[in-house]
Amino acid sequence: MTASASPRALIPLPASVVWNPNAFRLSPQTRIVWCADLPEHAEAMVRITTLLTDRIRTATGFPLPCGENRASDADTILLEVTTADWQSPACSNPARADASSEAYRLTVTEACVRLVATTPEGIFRGIQTLYQLLPAQIDAVEPASDIDWSVPCCVIEDAPVYAWRGMMLDVARHFHPVATVKRLIDQLARFKFNKLHLHLTDDQGWRLEIKSWPALTEVCGPVAVNGDPGGFYTQDDYRELVAYAGSHYIDLIPEIDMPGHTNAALAAYGELNPDGVRRDTYTGIEVGFSSLMCREEATYRFIDDVLREVTALTPGAYLHIGGDEAKATTEEDFAYFIGRVCAIAATYGKTPIGWNNFELAETVPSSAVLQMWQNESPKAVEKGMKVIASVPNRAYLDMKYHEDYPLGLAWAGCVPTDVAYGWEPSDHVPKALLLGIECPLWTETAVTEADIDQLVFPRLLGHAEVGWTPQALRNWPDYQIRLRIMTERLRLQGIRYYADPVVKWD
Ligand code: TNX
């Protein structure tokens, strides 16, 4: 097979790419080496180098000697973390002073491949680009023969436009096991996402073991929408997910949704209800009927315990506290409640994130983050709060592709693949306040891994580019060509994407 038989495509498109003639060819003698000018980066670089080497060894069957070495000799792939002689690529977003931590420069010549960044995280992002520059068989689980393992010569300078590029998975409406979440993390990493938000609790289910309140998962672990099988993560499972995500430079953001969306807690513990009586478990998909008691200290003892245990499992800076659709809570109670919960999050050293309308509560500090699931949020802008844009008729992965599509909901309209690609978060929030984007997958209708695949792919790839690539470089005709090439790789990996007819596939 020749290189031209396996076209290359980059998603998200880097900030700058210069293609040069000729190619670097992997051979059985190719060495993979790393170096770092700070000793604290050594451990991460060993891990990243091992990940890269294992992947290439599996696909090629080549021995590929690897280790620490500074030399970029012929037939070498060099991964170099340095702050010394290297200016990180300019980031087009003036709001991003920290952009350089994910920036990288990848230089491919006939002799060698050199990937440079100021952090191991930057190297990790750059390696995803290198995979995309290799033939598609790099993703095969069995060694492939007769492949020209070439990488086209180029100079790529790259950094993301937005710091927050996330996806949300609702595991409360339907539970999704550790293996499914890890498989999703693999894909998120390939497309340079850096956040995975897990919606762990809702009216139907409670999916994270809380040792001080065991009935949460005993009673509402097994419950799911439509009476489907449920499940929950033990704290060990959750730690495993945090570590797996972390090794892919993805932060796991836990969400405990409150004061609404809490029927699972109310069904597990009578003491959380005004009459002291446990509520029935719930398998429907209506929203807005449940509320914690906002003026009872019992509620805050519960929340303190839950957030303490969740914090102990969470190395990242953020705790998502929900706050959406609290239709069974009065406005005054809501404001009082949100203020109390933000204060609890602060005692555990975490920055709270909430959905609209939590920003309307006067008690919300301007240091809290709004996850915006409306088209705009004037109050958050007035308060100067940082915003994650999850505009539903663009970013929601659970909206149907088209009216007759069997999976998904349509309350925000349909979201075909071109719409999921062609949006710009700064049309909705001033850029200075935008942390970035998140595309939520609510799972009322997503029961199986195949359901998740079809709702997520290929739309996720469009959001990857919205979050990473400067708007001026994005265009739908060019993207369709790259998407076609990339979906071939998804197919090789067993990802059951939806071949949306709005895409020109041939
Ligand atoms: C709205 S968006 C919700 C969820 C539903 C979703 C279905 C938001 C903060 N809340 O409770 O699952 O719609 O699309």
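Residue count for region 293-327, restricted to those that are part of a loop (DSSP other than H, G, I, E, B), away from the ligand (no atom under 16 Å from the Cβ) and surrounded by 14 or more Cβ atoms within 10 Å (Cβ to Cβ): 6.
Only helices (runs of 4 or more DSSP H) whose full extent lies in region 439-506 are considered here, and the ones with at least 3 residues that are open to solvent by 20 Å² or more (accessible area, probe 1.4 Å) and among the aliphatic types (A, V, I, L, M) are 476-492. Checking the stated criteria, residue 389 turns out not to satisfy the condition of being surrounded by fewer than 24 Cβ atoms within 10 Å (Cβ to Cβ) and of a type outside the set (S, T, N, Q).
Residue under question is residue 406, and the condition is that it be over 28 Å from residue 161 (Cβ atoms), of a type outside the set (A, V, I, L, M) and either more than 11 Å from the ligand (Cβ to nearest atom) or under 16 Å from the mean Cα position of the chain (by Cα) (or both); does it hold? It is true that residue 406 is over 28 Å from residue 161 (Cβ atoms), of a type outside the set (A, V, I, L, M) and either more than 11 Å from the ligand (Cβ to nearest atom) or under 16 Å from the mean Cα position of the chain (by Cα) (or both).
The rows are residues; the columns are (1) among the polar types (S, T, N, Q); (2) in contact with a helix residue (DSSP H, G or I) (Cβ under 6 Å, 6 or more places away or on another chain); (3) free of Cβ contacts under 8 Å to residues at least 40 places away in the same chain.
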position	(1), (2), (3)
116	no, no, yes
120	no, yes, no
153	no, no, no
172	no, no, no
178	no, yes, no
185	no, yes, no
188	no, no, no
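If you go through region 245-286 and keep only what is crowded, with 17+ Cβ neighbours inside 10 Å, more than 16 Å from the ligand (Cβ to nearest atom) and under 30 Å from residue 119 (Cα atoms), you end up with 245, 248, 249, 250, 251, 252. Just to be sure before I move on: is residue 406 open to solvent by 50 Å² or more (accessible area, probe 1.4 Å), free of Cβ contacts under 8 Å to residues at least 40 places away in the same chain and within 21 Å of residue 495 (Cα to Cα) in the structure I sent? It is true that residue 406 is open to solvent by 50 Å² or more (accessible area, probe 1.4 Å), free of Cβ contacts under 8 Å to residues at least 40 places away in the same chain and within 21 Å of residue 495 (Cα to Cα). Evaluating residue 431 against the criteria (1) more than 12 Å from the ligand (Cβ to nearest atom); (2) within 22 Å of residue 161 (Cα to Cα); (3) in contact with a His (Cβ under 9 Å, 6 or more places away or on another chain); (4) open to solvent by 10 Å² or more (accessible area, probe 1.4 Å) leaves one unmet condition, (3). Across region 199-222, the number of residues qualifying as touching a residue at least 12 places away in the same chain (Cβ under 8 Å) and open to solvent by 20 Å² or more (accessible area, probe 1.4 Å) comes to 6.
Screening residue 238 on (1) part of a helix (DSSP H, G or I); (2) of a type outside the set (S, T, N, Q); (3) within 16 Å of the ligand (Cβ to nearest atom) shows it passes everything except condition (3).
Within region 393-402, the residues that satisfy the criterion of being within 16 Å of the ligand (Cβ to nearest atom) and open to solvent by 10 Å² or more (accessible area, probe 1.4 Å) are 393, 394, 400. Only a single criterion out of (1) hydrophobic (A, V, I, L, M, F, W, C); (2) in a helix (DSSP H, G or I); (3) farther than 18 Å from residue 80 by Cβ is not satisfied by residue 19, namely (2).
Would you check if there is a residue in region 345-364 being surrounded by fewer than 23 Cβ atoms within 10 Å (Cβ to Cβ), within 26 Å of residue 416 (Cβ to Cβ) and within 15 Å of the ligand (Cβ to nearest atom)? Within region 345-364, one or more residues are surrounded by fewer than 23 Cβ atoms within 10 Å (Cβ to Cβ), within 26 Å of residue 416 (Cβ to Cβ) and within 15 Å of the ligand (Cβ to nearest atom).
The values are calculated or read from the model by the stated rules, or taken from the named source; none is laboratory data. Note that this is a predicted model, so its numbers are computed, not measured. Note that we place each Cβ from the backbone using ideal geometry, even for glycine, and neighbour counts take in every protein chain shown. To get the accessible areas, we keep the full protein, side chains included, count just its heavy atoms, and leave off ligands, DNA and RNA. Shrake-Rupley method; radii C 1.70, N 1.55, O 1.52, S 1.80 Å.
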